[in-house]
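Structure, as structure tokens:
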Amino acid sequence: MISKKVSVLCCLIGLFCCGCSQTAADVSQGLTTAADEPVTATIFAMDTYMTLTAYGKGAQEAIEQGQTCIETLDAMLSTGLDTSEVSRVNQNGSGILSEDAANILTRALEISAETDGAFNPLMYPIMEAWGFPTQNYRVPDEKELDALLERIDTSQVAFDAQSGAVTFLREGMEMDLGGIAKGYTSAKLMDLFASCGVTSGMVSLGGNVQVLGCKPDGTNWRIALQNPDGSDNYLGVLETSDMAVITSGGYERYFEQDGVTYHHIIDPSTGFPADSGLCSVTIVSADGTLADGLSTALFVMGLEKSIAFWQTHSENFDAIFLTDDDQLYVTASIAEDFVDAYYDVTVIEEG
């Protein structure tokens, strides 16, 4: 549903889940690596390039299994693939989701409820109307959007998380789980790395970054955030460990018509691109799925509401906000870890 980008100053990676274990046979086949030597791979999936890097015992095995799992998840969730689970549910209005797809939908609906609908996993009909999935861009009129808004009511989804059974109660409803799929993937990857004996790693899923532990030398990872102004200057560098760092901004996917720029982050309350006064939102959290969903939701909510939301939920995430007029705000918990800022920083204190 949305596109996100974060530039990184060190090794990048991207991946998914599967348990793994190391055996004597693995050692004989050369599937181990010295703790200080990275194992890396890059693949194309989920409409983006994904890079994965892991250090430590079991790194090769983790990455090999991870690549397979990414491809499996992509085939499961893609709205552009008619045979995917999501597409079949959208086509039929009902269906049974597998465990991972059901887990993602569960979290998507939870985040939607927590943000009063600022994040919505049912936006696909409206995204199609704007042409973002196909790149056949157009500006729908208000009457068309008003009709489509009736199809994104999350209360009209009958869903049993345990069985994975989902039914849309209103005709024409369609879901798109891409808004948190990469965050879910990076979170599962951290579990995969740890289960394989990986002690240090980083995943980049089309810019969604999540890190495991510290760098092999014991220092924090340094993650540079892209400046939306299109220059080579970074917005700043976050020094962190064991965190997901996920950014949403309207500068990544957009089109222009009649001198007006329309970006891809749609406000579920209007059906139009969000006009919240924010240029980019970065969420920092140990929970990659939450970070992915909140980066979109807070972009839609705007600065004032986002600050209030963080002050209520500061134990779960931190945030970096850039406004349309280049004002940079950083929550207090990570202010000292955000260095080399391009703009003056205003620290958001807890309420």
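The values are calculated or read from the model by the stated rules, or taken from the named source; none is laboratory data. All values derive from a computational prediction rather than experimental measurement. When we count neighbours, we look across all protein chains shown, and the Cβ atoms used for this are built from the backbone with ideal geometry, even at glycine. All accessible areas refer to the heavy atoms of the entire protein, side chains included, with ligands and DNA or RNA removed. Shrake-Rupley method; radii C 1.70, N 1.55, O 1.52, S 1.80 Å.
Run the quick spin-label model on Y137 and E256: label points 7 Å from Cα toward the beta carbon, then report their separation in nm to one decimal.
The answer from the label model is 0.9 nm.
Could you tell me which helices of the chain pass both thresholds, a Cα extent of 18 Å or more along their own axis and a mean Kyte-Doolittle hydropathy of at least -0.5, with helices taken as whole DSSP H runs?
Membrane-span-like by this criterion, though nothing is claimed about a membrane: 59-77, 99-114, 178-195, 288-301.
Could you work out which residue, out of T296, T154, T83, moves most in a Gaussian network model of the chain, that is, has the largest mean-square fluctuation with Cα springs under 10 Å?
Comparing T296, T154, T83 in a Gaussian network model of the chain, the most mobile one is T83.
Mind listing which GluC sites (Glu not before Pro) in the stretch 147-212 are in a DSSP loop and have 12 or fewer other Cβ atoms within 10 Å?
Those satisfying the criteria are E171.
Once the piece of chain linking Y49 and T83 is laid out straight, how much longer is it, given 0.36 nm per residue of separation minus the C-alpha distance between them?
Net length gain for the segment: 10.0 nm.
For the chain, set up a GNM with springs between Cα atoms under 10 Å and report which of A113, A274, A224 has the largest fluctuation.
The residue that fluctuates most here is A113.
Principal axis extents for the chain, Cα atoms only, whole Å, descending order, please.
The principal-axis extents, from largest down, are 65, 49, 38 Å.
Taking the full set of protein chains and a 1.4 angstrom probe, give the accessible area of R138 in square angstrom, rounded to the nearest 10.
About 100 Å², rounded to the nearest 10.
Mind telling me which of L298, L148, L225 comes out most flexible in a GNM of the chain, alpha-carbon contacts under 10 Å?
With Cα springs under 10 Å in the chain, the top fluctuation among L298, L148, L225 is at L148.
If R0 is 22 Å, what FRET efficiency do you get for D160 and A194 from their C-beta distance, rounded to 0.05?
0.15
Stretched out fully, how many nm does the piece from R222 to T346 gain, at 0.36 nm a residue minus the Cα gap?
Contour length minus the Cα-Cα distance gives 42.6 nm.
Provide the gained length on full extension for the span T42 to N316, in nm with one decimal, where the gain is 0.36 nm per separating residue minus the Cα-Cα distance.
95.6 nm
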